[in-house]
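The values are calculated or read from the model by the stated rules, or taken from the named source; none is laboratory data. Here the structure is a predicted model, which is why all the values come from computation and not from measurement. Note that we place each Cβ from the backbone using ideal geometry, even for glycine, and neighbour counts take in every protein chain shown.
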């Protein structure tokens, strides 16, 4: 198949490109002159400003929403199948994580993902010759590719770096009570590939349906653990609990036998 992947210099998309060996893959990164949709069968749109603490709303909306809408509209007009990365951050600080639950985005990044989901959903009835598939990633981690993300890297990456450099890991106070659904990047990639065989549009959670505390993750590195105060910028939007309801995901994969 001919597949265009956006955001290929990023963590998840970089793994996606490597996993698509055997397909004809082209890439696009923000700042490139143009994207080429000629003869493309699938677009996997992963490019975005992923920082949850970015406060330049215009910048976030331009890249994450305006560009995404333009790319999706171009794909629909050409009957090209479209997958895009969304985020569990659209749920906000609530504790229920079913795709039909009310959403409460609480930072510019989450809002940009929420608004693009709405745009994609509104287009779905008019896309009889292509599908639009959105995936709400939970807390993704992996063995490499996050080094450039700094404080926005997964706890696994940040704790690994702290353990190697300082023989000490710093966690926020009460991190034994902060539970997240951590999913390995390979499972994200596998889900995208399996959905090539799913001939329907929609939005699906992609997580494990299980949780670990930040302290549990830190303990795997077997070094000293020190508690620090949570930065003020995170107080109102920090997700203290995430756990994907994967009922819809599992049912869809079973339905299509993929």
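Please enumerate the residues belonging to region 86-107 that are touching a strand residue (DSSP E or B) at 6+ places or on another chain (Cβ under 6 Å) and closer than 27 Å to residue 4 by Cβ. 86, 87, 88, 99, listed by residue number.
Scan region 226-258 for residues that are surrounded by 13 or more Cβ atoms within 10 Å (Cβ to Cβ), modelled with pLDDT of 95 or more and under 17 Å from residue 170 (Cα atoms) and the total you get is 0. Of the strands (runs of 3 or more DSSP E) entirely within region 113-210, those holding at least 1 residues that are on the phi > 0 side of the Ramachandran plot and at pLDDT 95 or above occupy 202-206. Only residues in region 1-12 that are at positive phi count as the first member; pair them with residues that are part of a helix (DSSP H, G or I) and surrounded by 22 or more Cβ atoms within 10 Å (Cβ to Cβ), Cβ under 7 angstrom, at least 6 apart or cross-chain, and list the lot. The qualifying pairs are 7/13.
Yes or no: region 191-212 includes at least one residue that is over 16 Å from the mean Cα position of the chain (by Cα), without any contact (Cβ under 8 Å) to a residue 12 or more places away in the chain and within 25 Å of residue 53 (Cα to Cα). Within region 191-212, not a single residue is over 16 Å from the mean Cα position of the chain (by Cα), without any contact (Cβ under 8 Å) to a residue 12 or more places away in the chain and within 25 Å of residue 53 (Cα to Cα).
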